[in-house]
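The structure appears below as structure tokens.
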Amino acid sequence: MENVSQAEFWQQRYKTGSIQWDMGQVSPPLKAYIDQLPESVKQQAILVPGAGNAYEVGYLHEQGFTNVTLVDFAPAPITDFAKRYPDFPSKHLVCADFFKLSAEQYQFDWILEQTFFCAINPSRRDEYVQQMAALLKPRGKLVGLLFKVDFGRQEPPFGGTKEEYQQRFEKHFDIETMETSYNSHPARQGSELFIKLQVK
Ligand SMILES: C[S@@+](CC[C@H](N)C(=O)[O-])C[C@H]1O[C@@H](n2cnc3c(N)ncnc32)[C@H](O)[C@@H]1O
């Protein structure tokens, strides 16, 4: 299980095409969320960590969001993304370990969670919550999806329960929304919680 904390584990998955999590499209609930945002937020600083092939980043870019940062520690999907979006600012393509991002260097208005939480070692979940809170500006938001099923696996995706997530997140966040997503991708229907959390 420790190897999920190593970039090489994920890089190999991309190189061998063993990327079963990849939906090949922007996550429908996140697309719906993005689509209802007002024009006035399009300059806000947004982070998509563990972005992989980064369909959400591509969609935000296409919709005119100008300050979106992609972070992943596997270089392969970032290289691919740069080819697909040659006009995307390269300084916002960050190949780095999310847990090592400096909160002095990076501060965001909101962060999008999409199949990243379930990819990290469950023993690091509190560290994840703390790092998310540290990277957000005051009253910044963490928005996205979490699996609400405990898969009982020793490899990703690592699921969990709403009760566990409430306990972990409420130390650093006000929970605005944590409800079963009604518009998940068909393959994930009924298995995801849509979350909207505001840093305390
Ligand atoms: C299950 S994949 C999901 C990718 C993408 N969000 C999606 O839904 O298609 C998890 C991603 O998180 C990245 N990742 C895992 N741990 C990371 C870390 N500590 N720092 C940065 N990226 C990480 C992996 O390289 C991988 O691209």
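Throughout, read-outs are computed from the coordinates displayed, never taken from laboratory work. Here the structure is a predicted model, which means the values were calculated and not measured. Counting neighbours? That spans all protein chains shown, and the Cβs are built from the backbone with ideal geometry, glycine included.
Some notes on this structure:
- In the chain, the calculated helix contribution to ellipticity at 222 nm averages -8000 deg cm²/dmol per residue, counting -39,500 (n - 2.57) for every DSSP H run with n ≥ 4.
- Check: segment 68-200 dipole with +1 on Lys, Arg Cβ and -1 on Asp, Glu Cβ, in debye: 140 debye
- Descending semi-axes in Å of the chain, equivalent ellipsoid built from Cα gyration tensor: 22, 21, 18
- Less than 5 angstrom separates the built amide H of residue 173 from those of 200, all sequence-distant by 5 or more or on a different chain.
- Derived scalar couplings ³J(HN,Hα) [segment 119-126; Karplus, 6.51 cos²θ - 1.76 cosθ + 1.60; whole Hz; x for Gly, Pro]: 9, 8, 4, x, 5, 9, 5, 5
- Amide proton proximity set for residue 184, modelled H, under 5 Å, gap of 5+: 190
- Listed residues 23, 132, 178, most fluctuating in the chain (Gaussian network, C-alpha, under 10 Å): 23
- Interchain or long-range residues, amide H under 5 Å from residue 136's placed H: 108
- Take every Cα pair under 8 Å whose residues are at least 6 apart in sequence, average their separation, divide by the length of segment 124-200, and the relative contact order is 38 percent.
- Segment 9-64 and segment 146-161 have their alpha-carbon centroids 21 Å apart.
- In the elastic network of the chain, a GNM with C-alpha springs shorter than 10 Å, the most mobile of 145, 37, 60 is 37.
- Among 118, 95, a tally of other beta-carbon atoms within 10 Å of each Cβ gives an order, fewest to most, of 95, 118.
- When only the Cβ of Lys, Arg, Asp and Glu is charged (+1, +1, -1, -1), the dipole of segment 107-177 relative to its Cα centre reaches about 100 debye.
- Look at the dipole of the chain built from charges on Cβ: of 14, 59, 197, the Cα furthest out on the positive end belongs to 59.
- Lys/Arg +1, Asp/Glu -1 at C-beta; segment 41-199 dipole; positive extreme among 50, 180, 95: 95
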